[in-house]
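First comes the structure, then the notes that go with it.
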Amino acid sequence: MIEVKSKNECCGCGACISVCNHGAISWTSDSEGFFYPQVDKNKCIDCKLCDKVCPFINQYSTKINVSLAYFGKCKYEQIQINSASGGLFPVIAKAILSKQGFVFGASFNMNWQVEHVCISDENELWRLLRSKYVQSDNRRSYYLVKEKLSTGKQVLYTGTPCQCLSLRKYLKRDYNNLLIVDVVCHGVPSPMVWNKYLIEQSQKMNERVEAICDIKFKYKDEIKYHWMHPGFVLRWDSGNELKCYGNETSYENGFLSNLFVRPSCHKCKVRRLSSGSDLTIGDYWGCDKLYPEQIDRRGVSVLFGNTDKGRKFIQTVSDDVILKPIKMEEATIYNPRILYSSKPHKRRKEFYRNMSTYELDELVPHLLRITKGDRLVNSMMWGMRIVKNILRKGLQKL
């Protein structure tokens with residue numbers, strides 16, 4: 001049976017719950033707001049199906065040496081603006097939907113938490129666009145994916161690497177009508193912290209959480225907010241709104257600084273393109289340094305073709321995208337989350353000890369305050385990285 005001995009060993013994908021035919025596994029939240037499986041030993045028959053679908057127990061081999069890497073964008077500007085990066089996902093999704101297929105992805109629910117949903121209408125595609133910096137509840141999607149596959153129609157599943165690998169394990173085999181696309185993942189933050197942030201921001205605006213009508217991470221427009229410096233939008237029914245750069249919010253700063261990221265994300269076993277996905281998409285960080293002439297304020301994506309199926313699919317959408325093949329090193333050098341896990345912030349425990357006492361807008365800036373010693377270490381590390389890149393380029397010219 002599945003047994004979580006360490007918080008580092010469970011990514012919260014929910015596959016173990018979905019595969020259990022005896023209802024022996026339930027979902028329990030811990031003090032940090034992350035969900036973990038709990039086994040009822042009176043119902044468990046020790047069939048070990050839960051162990052077999054766990055992405056942390058059963059890994060795939062890395063595709064880092066065989067994947068083809070590209071960078072590029074969608075040809076249509078408005079699609080770029082409404083997407084997290086270069087607009088490749090909606091192009092892929094539209095290709096599936098145009099064949100009366102099904103698309104699975106992360107969407108906000110009525111309570112502004114995130115869950116995986118299935119759509120079959122292009123008019124609903126907006127629900128799956130843009131990043132959502134909250135862990136998605138994926139439990140119900142596994143059997144739904146299998147159900148949709150049985151119709152013979154095309155199915156696209158997109159999620160974090162661990163979610164994609166757990167789906168592979170759940171299905172037990174590949175399907176010709178299934179395309180799996182994972183995203184380059186920093187890690188997932190606590191749903192409890194996200195809910196706290198929404199409550200506190202609503203109170204500051206003299207609003208109710210129930211009156212929130214729109215939320216957008218990585219917001220872009222034609223005037224102020226752009227891909228490399230995107231915005232955040234929180235809007236209520238009354239017309240009140242919080243609109244600012246994402247890095248001006250305590251929630252986004254705390255998340256990207258790893259104050260409240262899931263423990264297993266710091267020990268991720270699904271890096272290096274090892275999720276079993278056909279394609280991997282994300283932001284092409286480093287485009288401004290390596291290909292400055294190709295930078296686009298609306299967004300630029302990195303794309304990996306990990307399987308023959310994925311690489312063939314890229315050709316089917318070639319009329320709608322602009323892609324340039326690049327070396328694997330060019331795709332990953334400024335995108336470390338492809339290769340390595342993020343490290344927990346040194347004051348992470350302090351954050352959780354004080355979270356119930358202070359508002360996030362007060363606590364997060366206090367904990368992230370940079371000391372002179374931190375600045376010195378950061379400067380030295382950045383200098384070493386620059387020297388390393390210069391030496392690498394010099395050796396390539398020899």
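Details
- Comparison of S67, S107, S131 shows that the only residue that is over 19 Å from W227 (Cβ atoms), small (G, A, S), in contact with a Lys or Arg (Cβ under 6 Å, 6 or more places away or on another chain) and surrounded by 15 or more Cβ atoms within 10 Å (Cβ to Cβ) is S107.
- Residue selected from segment 36-56 under the condition touching a residue at least 40 places away in the same chain (Cβ under 8 Å) and assigned to a loop (DSSP other than H, G, I, E, B), by the criterion farthest from P161 (Cα to Cα): K41
- The single condition among (1) more than 21 Å from the chain's Cα centre (by Cα); (2) at pLDDT 95 or above that V66 does not satisfy is (2).
- Output for segment 222-242, where each listed residue is of a type outside the set (A, V, I, L, M, F, W, C) and more than 22 Å from the chain's Cα centre (by Cα): E222, K224, R235, D237, S238, G239, N240, E241
- W236 being out of contact with any Ser or Thr (no Cβ under 8 Å at 6 or more places or on another chain), under 14 Å from W112 (Cα atoms) and not aliphatic (A, V, I, L, M): no
- Among the criteria (1) under 18 Å from L68 (Cα atoms); (2) not in a loop (DSSP other than H, G, I, E, B), the one R272 does not fulfil is (2).
- Contact annotation: residue pairs with Cβ atoms under 7 Å, 6 or more positions apart or on different chains, pairing a residue in segment 202-225 that is closer than 21 Å to Y133 by Cα and surrounded by fewer than 20 Cβ atoms within 10 Å (Cβ to Cβ) with a partner that is of a type in the set (D, E) and modelled with pLDDT of 95 or more, are A211/D237; C213/D237.
- Candidates G86, G72, filtered to the one that is closer than 20 Å to D319 by Cβ, part of a loop (DSSP other than H, G, I, E, B) and not hydroxyl-bearing (S, T, Y): G86
- Count - residues of segment 191-220 that are within 22 Å of the chain's Cα centre (by Cα), more than 23 Å from F260 (Cα to Cα) and either among the aliphatic types (A, V, I, L, M) or not in a strand (DSSP E or B) (or both): 1
- Taken as a whole, segment 221-233 holds at least one residue that is modelled with pLDDT of 95 or more, outside any helix (DSSP H, G or I), out of contact with any strand residue (DSSP E or B) (no Cβ under 7 Å at 6 or more places or on another chain) and aliphatic (A, V, I, L, M).
- Selection count where residues are in contact with a strand residue (DSSP E or B) (Cβ under 7 Å, 6 or more places away or on another chain) and under 25 Å from H266 (Cβ atoms), scope segment 169-182: 3
- A single entry from G299, G310 fulfils the requirement of being part of a loop (DSSP other than H, G, I, E, B), surrounded by 19 or more Cβ atoms within 10 Å (Cβ to Cβ), of a type in the set (G, A, S) and modelled with pLDDT of 95 or more: G299.
- A search for C-beta distances below 6 Å between a residue of segment 1-25 that is among the hydroxyl-bearing types (S, T, Y) and any residue that is in a loop (DSSP other than H, G, I, E, B) and surrounded by fewer than 22 Cβ atoms within 10 Å (Cβ to Cβ), counting only pairs 6+ apart in sequence or on different chains, returns S18/R139.
- Look at (1) in a loop (DSSP other than H, G, I, E, B); (2) under 30 Å from I223 (Cα atoms); (3) of a type in the set (V, I, T) and you find that I64 fails only one, number (2).
- Unique match (being in contact (Cβ under 8 Å) with a residue 40 or more places away in the chain and either assigned by TED's automatic domain parsing to the domain that holds V209 or not in a helix (DSSP H, G or I) (or both)) among Y142, Y157: Y157
The values are calculated or read from the model by the stated rules, or taken from the named source; none is laboratory data. Computed from a predicted model, the values in this text were never measured in an experiment. Cβ atoms come from the backbone with ideal geometry, glycine included; neighbour counts cover every protein chain shown.
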